[in-house]
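Let me begin by presenting the structure, written as structure tokens, before commenting on it.
The values are calculated or read from the model by the stated rules, or taken from the named source; none is laboratory data. Predicted model, so just to flag it, every value in this text is computed and none were measured. So basically every Cβ, Gly included, is an ideal-geometry build from the backbone, and we count neighbours across all protein chains shown.
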Amino acid sequence: MSRISVRGFAVASATAVTSVGAVVGVAAGADSTADTGDRVEATAADQTLLADIPAQSDVRSQYAMLTEQADVAADTASAEARTALQESARKQAAADAQAKKEAAEQAAKEREAAEQAASRSAVTDSSSIAVQSSYTVAEVQAIARQMIPADQFQCFSNIVDHESGWNYQATNPSSGAYGLMQALPGSKMVSAGADWQTNPATQIEWGLNYMNSRYDSPCGAWNFWQANNWY
């Protein structure tokens with residue numbers, strides 16, 4: 001019940017008391033010509049009716065009590081509303097914080113993936129390496145260092161050591177595998193360049209692409225090689 005309706009009830013109660021009193025007075029005046037017995041009965045009836053009506057002070061007390069109850073109810077409702085708003089704000093803040101955290105984690109993952117992809121890509125393209133008529137092992141290794149990411153070079157080197165000993169013209173007489181990577185058949189290295197038979201840079205580029213695509217990196221390929229003695 002709102003404060004306005006409570007106060008309206010109290011006013012209505014007071015008005016009822018006044019109206020009943022007026023009615024009783026009129027009734028008493030109208031009976032003045034009746035006999036004594038009737039007047040006694042009317043007086044007794046009037047007293048009984050008035051006894052049933054709260055005194056004016058009682059009405060004021062009830063009004064004050066109801067008003068106080070309405071105030072308490074209103075204050076309670078306001079407190080509950082504030083609590084609900086605070087809880088809603090807390091939940092929204094928590095949701096915003098979680099969203100920011102997830103966005104930051106996703107950005108970190110994407111950044112890491114990009115860095116890994118960059119580290120797997122050739123540092124120097126084979127086309128930028130000067131072509132020679134022949135190459136020593138040291139020269140081939142120097143070319144590889146220019147093309148292979150630093151954190152992957154040792155793994156790459158381990159595989160080449162086992163496969164060809166850094167001889168870019170190494171040929172397996174039984175299988176026909178060819179070159180630094182011992183590609184089988186060797187002609188598949190044409191995807192990196194038509195000079196795959198004579199250019200170690202072309203072979204290195206093909207080998208790096210193969211290791212990245214199949215094992216995610218030269219180190220991934222080396223891990224597989226150690227477990228299987230092939231890659």
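Taken together, the criteria place Leu208 among residues that are crowded, with 22+ Cβ neighbours inside 10 Å, within 51 Å of the chain's Cα centre (by Cα) and either within 18 Å of Ile143 (Cα to Cα) or in the same structural domain as Gln154 (by TED's automatic domain parsing) (or both). The combined condition, being of a type in the set (Ser, Thr, Tyr) and modelled with pLDDT of 95 or more, is not fulfilled by Ser127.
For segment 200-214, the tally of residues that are free of Cβ contacts under 8 Å to residues at least 40 places away in the same chain and touching a Phe, Trp or Tyr at 6+ places or on another chain (Cβ under 9 Å) stands at 4.
Quick one: is Thr202 in a helix (DSSP H, G or I) and assigned by TED's automatic domain parsing to the domain that holds Phe156? Yes; evaluated as a whole, the condition is true for this residue.
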